[in-house]
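A short worksheet on the structure shown next.
The values are calculated or read from the model by the stated rules, or taken from the named source; none is laboratory data. Since this is a predicted model, take the numbers as computed values, not measurements. We place every Cβ from the backbone using ideal geometry, glycine too, and count neighbours over all the protein chains shown.
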Amino acid sequence: MNDPCPLAHGSAFLLTQDARLASQVNASIAPLSRNVSVFSDELELLRSLRHSPCELLVFDASCVASDESSLLAWQRCHSGHPTPLIVLGRFDCANDILDWYRAGAQEVLALPFNPHELQVRAALALSPVAHACPETQQLSVGPYQLLRDENTVYLHGKPIVLTAREFSIAWLLFSSPGVCFRRCQLAKAVWGSHTEF
């Protein structure tokens, strides 16, 4: 019989402050992941993600709001293929769940979750089919065109050369139309800290 978990042995990062939930998640995805690292703070997880490869993110929704996630903002401006995200939580209404999908979650499960369902959804999130879309290398918004490989913005076809940080900010803002970011969110997304600018 074929192994249902073709991408076993990767690592997963879990954001939660609940030790019981951490244990349940670890037991559920153990067949898929050789290592589940648990973080109680999103900024701590973001710093680790920059230096340690991770194939799957699992968030406890009680730790961060969907519209305030610095990690999701950071992924939008730095990563062509965002790390798959599964969110677990108690949701008051359908819009709370929908907000997580809109923010970039691949799966959203209500607590208490079925461990087999989490394992299957994690396996599907990790499957090669989930990553089959081509990496976005350019954005076009009105008269602006952003080319990621050149770190360049074109306005009416004329190039505006930017530094890597300037381009990261532009990419984040142009790839998130209609989203209002606070300065601290921009700082965490681009610099990975609470740096004021």
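Residues of region 15-29 that are surrounded by 14 or more Cβ atoms within 10 Å (Cβ to Cβ) and without any contact (Cβ under 8 Å) to a residue 24 or more places away in the chain: Ala22, Asn26. Report, by residue number, each residue of region 1-54 that is within 20 Å of the chain's Cα centre (by Cα), within 20 Å of Ser127 (Cα to Cα) and modelled with pLDDT of 85 or more. Answer for region 1-54, where residues must be within 20 Å of the chain's Cα centre (by Cα), within 20 Å of Ser127 (Cα to Cα) and modelled with pLDDT of 85 or more: Ser11, Ala12, Phe13, Leu14, Val25, Asn26, Ile29, Leu32, Asn35, Val36, Cys54. Looking only at residues in region 162-176 that are under 18 Å from Ser140 (Cβ atoms) and out of contact with any helix residue (DSSP H, G or I) (no Cβ under 7 Å at 6 or more places or on another chain), the one that is surrounded by the most Cβ atoms within 10 Å (Cβ to Cβ) is Phe167. Selection of region 29-79 for residues being over 18 Å from Asp18 (Cβ atoms), of a type in the set (Asp, Glu) and assigned to a helix (DSSP H, G or I) yields Asp67, Glu68.
Among all residue pairs at least 6 apart or on different chains, which show Cβ distances below 6 Å where the first residue, located in region 46-70, is assigned by TED's automatic domain parsing to the domain that holds Leu126 and the second is among the basic types (Lys, Arg)? From residues that are assigned by TED's automatic domain parsing to the domain that holds Leu126, the pairs are Ser70/Lys188.
Pick out the one residue from Val87, Val120, Val108 that is at pLDDT 90 or above, β-branched (Val, Ile, Thr) and surrounded by fewer than 20 Cβ atoms within 10 Å (Cβ to Cβ). Among Val87, Val120, Val108, only Val120 is at pLDDT 90 or above, β-branched (Val, Ile, Thr) and surrounded by fewer than 20 Cβ atoms within 10 Å (Cβ to Cβ).
Inspect region 63-71 for any residue being more than 30 Å from Asp149 (Cα to Cα), at pLDDT below 95, among the polar types (S, T, N, Q) and in contact with a helix residue (DSSP H, G or I) (Cβ under 9 Å, 6 or more places away or on another chain) and give the result as yes or no. Within region 63-71, none of the residues are more than 30 Å from Asp149 (Cα to Cα), at pLDDT below 95, among the polar types (S, T, N, Q) and in contact with a helix residue (DSSP H, G or I) (Cβ under 9 Å, 6 or more places away or on another chain). Regarding Val179, is this residue modelled with pLDDT under 75, farther than 12 Å from Arg76 by Cα and touching a helix residue (DSSP H, G or I) at 6+ places or on another chain (Cβ under 9 Å)? Taking the combined requirement at face value, the residue satisfies it.
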